[in-house]
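**Q** I have a structure here, written as structure tokens, and I will follow up with some questions on it.
Coordinate-derived values only; no laboratory data. Just so it is clear, the structure is predicted and the values come from calculations on it, not from any experiment.
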Amino acid sequence: MNVFRAARQHLYRMLFGTAASFVFVVVFERFFGHSSIPFAICTVVLFAMATGMWKYNCPRCGSNLFMRGGIPLPWPNAKCSNCGLELDRTEPPATTP
Ligand SMILES: [Zn+2]
């Protein structure tokens, strides 16, 4: 699996986590009436999940797939914003740093 597909899976995991958290908070509020506790738990869990984005870097230059010139965006780059490497085409050649 290339780095772009892995990063896209991370995006889908985050979307699923966000949706699941929303449902969990709403259901908890409906049945127990205290949504602040599950909301806090979901915030911490989603934040911990989001830190996984730092694993997805360009194999050529090391630029993060979720960063565009210092601005983090929730969806990954198909083309490296730093060196222009096509990240979704083929398995990139292994380079030693
Ligand atoms: Zn690059």
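**Q** Could you work out the pair-distance distribution P(r) of the chain from its alpha-carbon pairs, with 10 angstrom bin width and percents rounded to whole numbers?
**A** For the chain, the pair-distance distribution reads 16, 38, 24, 15, 7, 1.
**Q** If I stretch the segment between F24 and Q9 completely, what's the gain in nm (0.36 nm per residue apart, minus their alpha carbon distance), one decimal?
**A** Details: separation 15, 0.36 × 15 = 5.40 nm, distance 2.20 nm.
Between F24 and Q9, full extension yields 3.2 nm more.
**Q** Can you give the helix-only mean residue ellipticity at 222 nm for the chain, where every DSSP H stretch with n ≥ 4 adds -39500 (n - 2.57) and the sum goes over all residues, rounded to the nearest 500 deg cm²/dmol? Please list the in-between numbers first.
**A** On the way: 2 runs with 45 residues, N = 97.
Only helices count here, giving -16000 deg cm²/dmol.
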